[in-house]
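Data block below; observations after.
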Amino acid sequence: MLIGNELAGLTAGIDALYRSTPRSDGFLDKEGLIPVAMAEVEPITLRDYAEARERLEALAVRNAGEAETQLRRDYVAEMIDSLLALVTTFEEKPISFSDRVARQIRVETQLVPDGELEGYRQTIREKLDELGYAGGSLTEDFNRWEAQARVPKEAVLAELKALILEGRERVTATMYPMAHEWMEPEGVTAVPFSAYCDYPTRKVLLNLDFPYTRFSLKHLATHEVFPGHLVHMNLRERYVAEGKMPLDGAQVVTSSASSALFEGIADNGMFFLDWVDGPEDELGVALQRLRSAMRCNAAWMMHAQGMSLDEIVPIMADKALQDPVTARSRLAFLSHNLRAPFVYAYYGGDMAVHEVWKTVAPEERKEFWSFLYDNMHTPTTLKKYWKA
């Protein structure tokens with residue numbers, strides 16, 4: 001546990017350094033490096049980023065010889081490397097966007113290939129045909145379906161609340177006893193997200209500036225609440241308090257080695273609950289993944305290829321079946337330095353978790369969930385140590 005205590009203290013210390021630099025009062029800047037801490041962590045006082053680097057490198061040496069398990073050794077090593085990449089970024093020293101994605105998010109994805117994107121578009125085409133939306137182009141038929149599937153703005157909070165309630169019932173019946181937990185939906189506007197799990201206040205903040213279908217609300221209910229972020233953070237808080245998980249498990253750390261699994265667990269929530277019902281949900285899953293992949297490509301085009309948002313938006317809108325105004329609003333956070341690689345945590349995490357989930361037999365699910373939620377993971381450790 002000593003390695004975890006020091007890792008947590010150093011991470012909190014780097015967060016304090018980051019926050020000490022004057023920034024805007026915008027939502028993303030207020031979050032800092034650690035948007036949520038589920039336990040009290042005393043930050044290690046650091047005079048500057050150079051000292052942070054020295055302390056991290058020394059901890060990496062200790063971890064190699066003192067880690068409790070091989071899984072912890074590998075996880076902490078990846079987490080330290082991701083923090084070193086963040087420190088380089090905060091120091092404004094040269095580091096390529098490719099290195100930031102690989103070292104911070106721990107995924108190999110750069111540009112999602114057209115063949116992969118077309119696979120999602122083909123699924124959407126097939127499901128539209130099943131639902132009776134045929135005869136036009138993919139965009140035309142999709143727009144007709146989406147227009148009728150859209151939940152009226154005045155009804156979205158009630159619909160989300162009903163879906164969160166059903167998600168809680170499904171989680172309690174099959175995964176973890178969560179009948180005592182709840183998150184209340186609350187509408188917000190002019191924010192850089194569609195939904196946000198505000199764990200300390202137990203509220204789901206829903207951006208009412210965006211349109212939603214029933215599927216997209218169902219996805220948000222499972223991603224943000226049951227069995228996604230609320231369940232994941234609640235278990236981590238409990239396990240750290242009980243001494244079953246090292247202290248670093250109590251920190252949510254942005255754009256770090258832990259990010260892909262944090263988002264990947266949430267993005268697989270509907271699968272964990274056997275809640276993908278029929279062609280409309282299957283269409284929704286393909287659309288979610290298509291748009292998630294295209295946000296990775298948009299980040300790559302901006303930060304690795306030097307393209308402007310004006311150049312990127314038409315490509316995003318066309319390939320992701322999105323109107324240009326919505327596409328632009330969904331890409332606004334890409335210019336945020338800390339958050340720039342974070343978009344890869346969604347698609348990379350979804351793929352990493354789902355790749356393993358597909359191998360899990362029904363009778364192994366409880367064992368898998370325990371392995372997944374009870375340990376801190378990266379895409380590499382999940383794949384390497386499940387069934388190891």
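The values are calculated or read from the model by the stated rules, or taken from the named source; none is laboratory data. Computed from a predicted model, the values in this text were never measured in an experiment. Because the Cβ atoms are built from the backbone with ideal geometry, glycine has one as well, and the counts that use them run over all protein chains shown.
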- Task: Scan region 356-378 and report the pairs whose first residue is assigned by TED's automatic domain parsing to the domain that holds residue 260 and in contact (Cβ under 8 Å) with a residue 40 or more places away in the chain and whose second residue is of a type in the set (Gly, Ala, Ser) and in a helix (DSSP H, G or I), with Cβ atoms within less than 6 Å and a gap of 6+ or a chain change.
- Result: 376/249
- Query: Listed residues 273, 287; which is surrounded by fewer than 22 Cβ atoms within 10 Å (Cβ to Cβ), over 28 Å from residue 87 (Cα atoms) and not charged (D, E, K, R)?
  - Reply: 273
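Conditions tested, residue by residue: (1) among the aromatic types (Phe, Trp, Tyr); (2) over 30 Å from residue 288 (Cβ atoms); (3) out of contact with any Cys (no Cβ under 9 Å at 6 or more places or on another chain).
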{"site": "54", "(1), (2), (3)": "no, yes, yes"}
{"site": "70", "(1), (2), (3)": "no, yes, yes"}
{"site": "94", "(1), (2), (3)": "no, yes, yes"}
{"site": "110", "(1), (2), (3)": "no, no, no"}
{"site": "114", "(1), (2), (3)": "no, no, yes"}
{"site": "117", "(1), (2), (3)": "no, no, yes"}
- Message: Just the residues that are basic (Lys, Arg) and under 9 Å from the mean Cα position of the chain (by Cα), please, taken from region 323-345.
- Response: none
- Determine, yes or no, whether residue 173 is free of Cβ contacts under 8 Å to residues at least 40 places away in the same chain, among the hydrophobic types (A, V, I, L, M, F, W, C), outside any helix (DSSP H, G or I) and surrounded by fewer than 14 Cβ atoms within 10 Å (Cβ to Cβ). no
- Within region 245-302, count every residue that is assigned to a loop (DSSP other than H, G, I, E, B) and either among the acidic types (Asp, Glu) or within 27 Å of residue 170 (Cα to Cα) (or both). 8
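For every residue, the table says whether it meets (1) of a type in the set (S, T, N, Q); (2) assigned by TED's automatic domain parsing to the domain that holds residue 334; (3) outside any loop (DSSP other than H, G, I, E, B).
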{"position": "95", "(1), (2), (3)": "no, no, no"}
{"position": "98", "(1), (2), (3)": "yes, no, yes"}
{"position": "101", "(1), (2), (3)": "no, no, yes"}
{"position": "120", "(1), (2), (3)": "no, yes, yes"}
{"position": "127", "(1), (2), (3)": "no, yes, yes"}
- Task: With a cut-off of at least 1 residues that are touching a Lys or Arg at 6+ places or on another chain (Cβ under 7 Å), at pLDDT below 95 and not polar (S, T, N, Q), name the helices (runs of 4 or more DSSP H) lying wholly within region 1-76.
- Result: 27-31
- In region 346-375, residue nearest to residue 250 (Cα to Cα) [restricted to those that are of a type in the set (A, V, I, L, M), over 14 Å from the mean Cα position of the chain (by Cα) and buried (at least 16 other Cβ atoms within 10 Å of the Cβ)]: 372
- Message: I'd like to know if region 147-157 contains one or more residues that are touching a residue at least 24 places away in the same chain (Cβ under 8 Å), closer than 25 Å to residue 225 by Cα and not in a helix (DSSP H, G or I).
- Response: yes
- Query: Do you know which of the residues in region 192-233 that are among the acidic types (Asp, Glu) and modelled with pLDDT of 95 or more is farthest from the chain's Cα centre (by Cα)?
  - Reply: 198
- Got a number for residues in region 176-190 being small (Gly, Ala, Ser) and either in contact (Cβ under 8 Å) with a residue 12 or more places away in the chain or within 17 Å of residue 208 (Cα to Cα) (or both)? 2
- Item | Cβ-Cβ under 6 Å pairs, at least 6 apart or on other chains, region 250-274 side under 21 Å from residue 166 (Cα atoms) and of a type in the set (A, V, I, L, M), far side at pLDDT 95 or above and in a loop (DSSP other than H, G, I, E, B) | 266/228; 270/276
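Per-residue answers, yes or no, for (1) closer than 18 Å to residue 218 by Cβ; (2) touching a strand residue (DSSP E or B) at 6+ places or on another chain (Cβ under 6 Å); (3) surrounded by 15 or more Cβ atoms within 10 Å (Cβ to Cβ):
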position	(1), (2), (3)
112	no, no, yes
127	yes, no, yes
132	no, no, no
146	yes, no, yes
156	yes, no, yes
- Note on the structure: Considering residues that are under 24 Å from residue 336 (Cα atoms) and surrounded by fewer than 20 Cβ atoms within 10 Å (Cβ to Cβ), the number found within region 212-246 is 0
- Task: Kindly indicate which of 356, 360 is assigned to a helix (DSSP H, G or I), at negative phi and hydrophobic (A, V, I, L, M, F, W, C).
- Result: 356
